[in-house]
Structure formats: C-alpha cells, structure tokens
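One structure is given below, encoded as structure tokens.
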Amino acid sequence: MAAAPSSAAFVQSRRRLFGALFSSAGIEDIDPSLAMRRPGHDGFREDDLPQSPAVLSFPPAAARWLTRCTFGYTTQALADFNALGANDDARWTAWLNQQLSPASISDSACDARIASAAFTTLNKSANQLWNDHHSVTTNYYLRMLPVSETECATVIRQTYSRRQLQEVMVDFWHDHFSVFGWDYDGGPMFPAFDRLAIRPQVFGNFRTMLQAVGESASMMYMLDLYSSEASHPNENYARELFELHTMGAEHYGGIVQNPDSFANMTLLGHYTAPDGEEERLKYVDDDIYEAARALTGWTISGANWPYTPVNGVPLGQFAYDSSTHDQGVKRILARYFAASQGQIDGNTLFDMLARHPSTARHVATKICRRFVGSAPSTALIDSAASVFQQQWQASDQIAQVLQVILQSAEFKSGWGTAMKRPALCAVSALRATGADFTPKPDNSTTYTPTEEFMGRLQAAGQRLFYWPAPNGYPDDPVAWSSTGTLGMTLRMLPRLLEMHQTESYNNAYPFLIDIHAQTLAAFVANQRTAANIIGYWCDRILGYRPEPTYSVAVDFLRQNAAAGAVLDLVTDGTDNGHPAHTGTWNLNDLSKHYTIARLRTAVGLILCSPEFLRR
C-alpha cells in the first residue's frame, strides 16, 4: 500500500508521535551522536527529539480518570459517567461509590457472554478440580483447562464487565500475589485461587485475602508451602510473604545477629503493636526462618506421600497437619511465640503482618503506583498507608484506601507519567473499538482468534497469569518500553483489527472488530471524509483529538485527496467468492487505492499513538 506524502512536516510529526511514547516512559535524553545514519541522512535533528509529557496535550478529565480506573476508555463509559451528576467532581464521586459496590451494578450482558462460552471449570470446588484435572496426567489440555478457562473468562470480564474498577483491582492483586498459572500442579487448581482467594476481597480486607491466598493450592504449589514440615521447613513461601506480599523488600534489614537486642531494635526501628508488644519495623533472615517454622503443617490434602486425605479433608483443599508442625518456641519481628500453639502460630503471623506499618506502606505504595504513576508523592503514600493500617480489620479496608487515592488531587490532575502494559493495551483496544470477542480454549487444529490473541500477548511479554516469578508483572513503564516488548505491542494492536471470528486469518468469517461496518453506520455517504472519520475514531478511542496524532491519521487516510473530500468506502473486490474487505487497486489515484483496508490501518495508527499508550 502506498504511504502518505513524505513532506518534511509529515516526517517530523510522525517522529514526534512515536518519540513522545518513549518520553512518557521516562526515556527523554537521546544522544544525537548515537543516531544511525545512512548516506544523505544526518541523523537526529533537534526538532526530532521526543516531547516531554508536560507539553503533550491532556485529554478531558473524565477521559483521564476513566482510562486509569478501567480497562480502557469507551464512549459508553463516558455517557454513563456524565449521567451521574452536575459536574465532573460530583460525577466522579458517584462513579467511584458505585464501582466500589460492584454487586449494585447489573452485569447481565457480561454474564451472558461468559455463559455463552460454556466454560466447565470456573465454579468447580478445589476437590472437583483435583479429581477432574489435577489427577489427569495423560491429557495436558484437560489438565490445564482450568487455568485456560480462567484466562479466557478474565479477558471477557476485563473487556465487557461494567464492574470495571473491580476487574482492575483483580488484576492488581493477581500481580501482587503472583502465581504462574501454567504451573503443572498449580494450573489445574487455578480457578479456586481466582474465585475464592482473590476476587472476594479486592475491595475488602487485606488480612482475610492474605490468609486465603496462603491456603490456596495454586500459591502453595508456587512457593512450596505444601511440603514444608518440621523436619525440613521450606522457606520459599515465608520469604515471599515478607518480601512481596506484606512488608516489602524495602523493609529488609539483612542478616543480623541477635536482631532483637536493644541496639539492633533501635537500628532496625520498632513500633508498638495494638496489644502493647514491641515489633521491629524491618525484617531479617531470622524472621523468615522462624516464619517458615510457624507455617509448617499448612498443606494441601493429598499433596504429600502417601497422597491420602489429611484429617478427612477432601483432596485438593487446604489442610492443617499437626503431625508435621514445628511445635517449638519461635520469635518473629521480636514477638515471642509460645510452644505448642499449633495452627495459631500461622494465624498470629498473618495478624502481625497484616496490621504492620511496613506492610501498609508497601501495599499502599503499589496501589498508588498503579493508579497515579511510577513516582507517587510521599504525602499521598502516607495518607493511603495510614488508612490501610488504621482500618486493617475493616471489611472495606481496601475500598477506603482507594477512596483516598482516587479522590486525591494528585490522581485527578495527573496524566501521562505511566504507560499501558501490553495486556491493557490489547483489552483497551477491544473495548474502544466495539469488539465482538468471546475467547475460549480450543484443542482443534484451527488457528482461532483466541489462540492468536493469547499468543500475541505472550509475544509482547504479558500473557495473563504467565509471569514465572512470584513478584508479578512490573508496573514500571521502563520495563515495557524495550524495543522487543514495545515492538510486539505495536504489531499486535493493528492486527486486532484484521482478525476474524472462528478462524483468525479466514476472510470468510466476520471481523472480530468491524471497523468498516461501524464507520459506515456512523456516517451517511456524503459525510465519509478523512477529517470526519478520524475525528470519530479519535473520540471513540482517546476521548479527544490530539495533535499530531489526529493530523497524521487524517493525512494517511486521505492520501492525495482533501481532508474534507468524500472517500469511497463501498467499492470492494472479492476473495474466493467473499468480500475482500480491502477496497480496490488504484495507483493512479491513491485516495481510491485499497481504501477499506487503509481505513483499518488508519484506526490502527490511532491505537499505536502515544496518547493511547499513555495513562
């Protein structure tokens, strides 16, 4: 296909368009001497350097807020938002209160789409998952069907659920309590982890979620807690419990001899717990070893030899085996644990960590980063952490923390200091463009859109539940701005507009996203101009018409025609008896050359713009 005219202004605007993306990720200093040069080219010029986020245009407030608190801005989300009050602040308060009470939001359309996929594993108990899938060793597809169906259902909910903030927090907590979903033992049990440990408490109580996660089979297999016994404690889970799930590596004090001495308590810091006991503010290696001892005997019924139920608990469910618990005295964070306390050791440990000020700060910082950007202010973190700690027993603890963050001036005024990760880019594109996509596992030889979609996420580095380490996918924009990850993301986004239902590359099937049909429906024939069409899709995808994105896309779509000239979006060729969905060949008049295909590509340019990739 012929390119748009290569005027100097066009080339400069296109370079600025993509250069701005790198600036949004914090990559602002480019050494002109490092530019690749070819004969007749002098490398970078000063006006080619990326613009800083400060000089890029801001979307309207509602578009900014909805972009960061949902899986992508849509015009329907904006219409729903505008119906909630007299001004943006009042609407935001109403929207936030509504989203924090997800049961009050009807989600029948999303539920119907999930039902139409005919998933079979999502509501199975841990025992059913164990018997029907974990026990299967000769059929890998059947064994891993539970995590595969959870992956598909999650994409459906992210795309179509009206309970958007809930889905954003489900995603956050899956990163925080990260489990590699395709683990051979943990994958068959994954729906129970998602349904019983994560989803019930996304706005609820961290202490409750912390223990539910620890007791889940998927997490136990991920970090080997199921095999930790008094005779050989396994410290994997205990270490990540401190380092990732609660206090955070930033509160690690190192290897310290006699950490509870007066001098070391002073050095490491301490605070007075609610019961009057002094506890250290930093953890050391001894605390990890002692915590591992406190959690011995916490296991999965049937997971260890002789692979029979523990104390009559159904196979696959959490069980406490007192015969393998270390009943000795323990000291954790300077707190004394008496001997022979059994399962109370673990319960007390979870209490300590859930109410600890270092946990409050670590978790609050991560939530602030998710919604505000990679460098939230100390003041905002302090406010969120204070509520987190004070309300550690409240049933709506996390909702209260979110209120502090999402009602802050820092959240409301900020924009562009973070970028969307690949999975968020993909789902945002599906939402904004009106996709009709119901992913579901398939074991046939057909290359389905589900297979392509998940594969492209994997190629871009962020397939759902696919991060192998326990620290979860990074929330740092620099981590997602490498040429490999960004390049695969920019290949994926326009490809979404070319994928077909049923068989991804088969033109006989409808498009997943029918840009052509939606454009024809939006404009009568004499209004189908490049200016109108690109304005429409900028409004749909971005919520405004930023420059140079708008002009670059208009220039590409119009080719040699005027921006206000009517384009022929009806004339088409055929492909094996089916519409070609491309338009027709015409090198004598580029405005008529494959115009239908060029329309999809123009919309793809908007999806690849820095404005779409920023948040």
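The values are calculated or read from the model by the stated rules, or taken from the named source; none is laboratory data. The structure displayed is predicted, hence computed values, not measured ones. Counting neighbours? That spans all protein chains shown, and the Cβs are built from the backbone with ideal geometry, glycine included. For accessibility, only protein heavy atoms count, side chains too; no ligands or nucleic acids. Shrake-Rupley method; radii C 1.70, N 1.55, O 1.52, S 1.80 Å.
List of remarks:
- Residues of the stretch 264-286 that turn out to be part of a helix (DSSP H, G or I) and open to solvent by 20 Å² or more (accessible area, probe 1.4 Å), as a count: 5
- Complete set of residues in the stretch 125-162 that are open to solvent by less than 50 Å² (accessible area, probe 1.4 Å), under 30 Å from Arg68 (Cβ atoms) and in a helix (DSSP H, G or I): Val147, Ser148, Glu149, Thr150, Glu151, Cys152, Ala153, Thr154, Val155, Ile156, Gln158, Thr159
- Residues that are more than 22 Å from Leu424 (Cβ to Cβ) and touching a Lys or Arg at 6+ places or on another chain (Cβ under 9 Å), drawn from the stretch 359-383: Ile381, Asp382
- Total residues in the stretch 194-209 satisfying the condition of being surrounded by fewer than 24 Cβ atoms within 10 Å (Cβ to Cβ) and more than 22 Å from Asp132 (Cα to Cα): the figure is 11.
- Enumeration of residues in the stretch 259-308 that are without any contact (Cβ under 8 Å) to a residue 40 or more places away in the chain and touching a Leu at 6+ places or on another chain (Cβ under 6 Å): Gly269, Ser301
- Some residue of the stretch 398-407 being of a type outside the set (A, V, I, L, M, F, W, C) and over 30 Å from Ile541 (Cβ atoms): yes
- Members of the stretch 310-330 found to be touching an Asp or Glu at 6+ places or on another chain (Cβ under 6 Å) and assigned to a loop (DSSP other than H, G, I, E, B), listed by number: Val310
- Of the residues examined, Phe119 is one that is in a loop (DSSP other than H, G, I, E, B), in contact (Cβ under 8 Å) with a residue 12 or more places away in the chain and under 23 Å from the mean Cα position of the chain (by Cα).
- Filtered residues of the stretch 430-451 (kept if assigned to a loop (DSSP other than H, G, I, E, B), touching an Asp or Glu at 6+ places or on another chain (Cβ under 8 Å) and either closer than 25 Å to Ala384 by Cβ or among the β-branched types (Val, Ile, Thr) (or both)): Thr446, Thr448
- Within the stretch 161-177, residues that are assigned by the TED database to the domain that holds Asp194 and at pLDDT below 95 have Cβ atoms under 7 Å from residues that are open to solvent by 10 Å² or more (accessible area, probe 1.4 Å) and of a type in the set (Val, Ile, Thr) in no pair, counting only partners at least 6 apart in sequence or on another chain.
- Among the conditions (1) of a type outside the set (Gly, Ala, Ser); (2) in contact with a Lys or Arg (Cβ under 6 Å, 6 or more places away or on another chain); (3) at positive phi, Tyr307 misses just one, which is (2).
- Contact map, the stretch 520-536: residues that are in contact (Cβ under 8 Å) with a residue 12 or more places away in the chain paired with residues that are assigned to a helix (DSSP H, G or I) and of a type in the set (Phe, Trp, Tyr), Cβ distance under 8 Å, separation 6+ or inter-chain. Pairs shown: Ala522/Tyr536; Phe523/Tyr536; Ile534/Tyr550; Gly535/Tyr550.
- Taking the stretch 331-429 and the helices (runs of 4 or more DSSP H) fully enclosed by it, the elements with 3 or more residues that are within 29 Å of Asp88 (Cβ to Cβ) and either open to solvent by 50 Å² or more (accessible area, probe 1.4 Å) or among the aromatic types (Phe, Trp, Tyr) (or both) are at 378-390, 409-413.
- Just so you know, in the stretch 293-309 the residues that are assigned to a loop (DSSP other than H, G, I, E, B) and in contact with a helix residue (DSSP H, G or I) (Cβ under 9 Å, 6 or more places away or on another chain) include one that is nearest to Tyr237 (Cα to Cα), and it is Leu295.
- Against the numbered list (1) within 27 Å of Gly342 (Cα to Cα); (2) buried (at least 20 other Cβ atoms within 10 Å of the Cβ); (3) among the aromatic types (Phe, Trp, Tyr), Tyr289 comes up short only at (2).
- Taking the listed residues Pro494, Pro470, Pro477, the one that is at pLDDT below 95, surrounded by 15 or more Cβ atoms within 10 Å (Cβ to Cβ) and not assigned by the TED database to the domain that holds Leu605 is Pro477, with no other qualifying.
- Pro314 vs. criteria surrounded by fewer than 20 Cβ atoms within 10 Å (Cβ to Cβ), over 23 Å from Val170 (Cβ atoms) and without any contact (Cβ under 8 Å) to a residue 40 or more places away in the chain: no
- Residue in the stretch 438-447 that is modelled with pLDDT under 95 and charged (D, E, K, R) present: yes
- Per-region count, the stretch 274-289, residues closer than 11 Å to Phe242 by Cβ and among the acidic types (Asp, Glu): 2
- Within the stretch 178-193, being open to solvent by less than 10 Å² (accessible area, probe 1.4 Å) and free of Cβ contacts under 8 Å to residues at least 60 places away in the same chain holds for Gly186, Gly187, Pro188, Phe193.
- Among the residues of the stretch 245-263, those that are part of a helix (DSSP H, G or I) and either surrounded by fewer than 21 Cβ atoms within 10 Å (Cβ to Cβ) or β-branched (Val, Ile, Thr) (or both) comprise Ala249, Glu250, Phe262, Ala263.
- Phe119 falls short on exactly one of the conditions (1) farther than 22 Å from Phe190 by Cβ; (2) open to solvent by less than 70 Å² (accessible area, probe 1.4 Å), and that condition is (1).
- Among the criteria (1) surrounded by 18 or more Cβ atoms within 10 Å (Cβ to Cβ); (2) farther than 11 Å from Ala292 by Cβ, the one Ser231 does not fulfil is (1).
- Only a single criterion out of (1) out of contact with any Cys (no Cβ under 8 Å at 6 or more places or on another chain); (2) closer than 23 Å to Ile513 by Cβ; (3) open to solvent by less than 30 Å² (accessible area, probe 1.4 Å); (4) assigned to a helix (DSSP H, G or I) is not satisfied by Leu569, namely (4).
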